[in-house]
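The values are calculated or read from the model by the stated rules, or taken from the named source; none is laboratory data. Every value quoted in this text rests on a predicted model; they were computed, and no experiment measured them. With ideal geometry, Cβ positions are generated from the backbone for all residues, glycine too; neighbour counts draw on all protein chains shown. Calculation scope for accessible area: heavy atoms of the full protein, side chains included, ligands and nucleic acids excluded. Shrake-Rupley method; radii C 1.70, N 1.55, O 1.52, S 1.80 Å.
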Amino acid sequence: MIILETARLLLRHYKNEDINALQNIFSDPDTMEFYPAPFSVQQTQEWIKRIERYHMDGFGLWAVCLKDTNEFIGDCGLVKQQINGSTEDRFL
C-alpha cells in the first residue's frame with residue numbers, strides 16, 4: 001500500500017520481503033552511528049515486526065523506496081515508544 005508518492009520517492013507499508021534490505025542498512029556502523037550498535041539479524045527481525053502496528057495503532061513506520069527502481073533506502077513514520085515507563089507517540 002503506497003502512503004505517499006513524490007517525484008523521486010515512494011513511501012509504503014513494510015513487507016516481510018524488506019528484511020534483507022533493512023538488514024543491510026541496520027548492520028552498517030555508519031548508518032547506525034546514533035544507536036548503541038548496529039543491529040543483528042534478530043534485532044532487524046524484531047524491528048520489521050512493527051508492521052503489526054498498522055493494525056494495532058492505525059499508523060506505523062513506512063518503507064522509503066526510490067521510485068525509479070523500487071529500491072528500499074530507509075524508513076520513516078510514527079511509532080509509539082516506551083520512555084521512562086510511559087508510552088508516547090514519537091516521530092522517527
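Things to note:
- Taken over the range 66-78, the criterion of being in a strand (DSSP E or B) and either over 15 Å from Q23 (Cα atoms) or at pLDDT below 80 (or both) is satisfied by L66, C76, G77, L78.
- Within the range 23-46, the set of residues being of a type outside the set (S, T, N, Q), touching a Phe, Trp or Tyr at 6+ places or on another chain (Cβ under 7 Å) and within 17 Å of A63 (Cβ to Cβ) comprises F26, F39.
- The residues in the range 1-12 that are open to solvent by 100 Å² or more (accessible area, probe 1.4 Å) and more than 21 Å from K80 (Cβ to Cβ) can be counted, and the count is 2.
- Residue in the range 79-86 that is open to solvent by 50 Å² or more (accessible area, probe 1.4 Å), part of a loop (DSSP other than H, G, I, E, B) and of a type in the set (A, V, I, L, M, F, W, C) present: no
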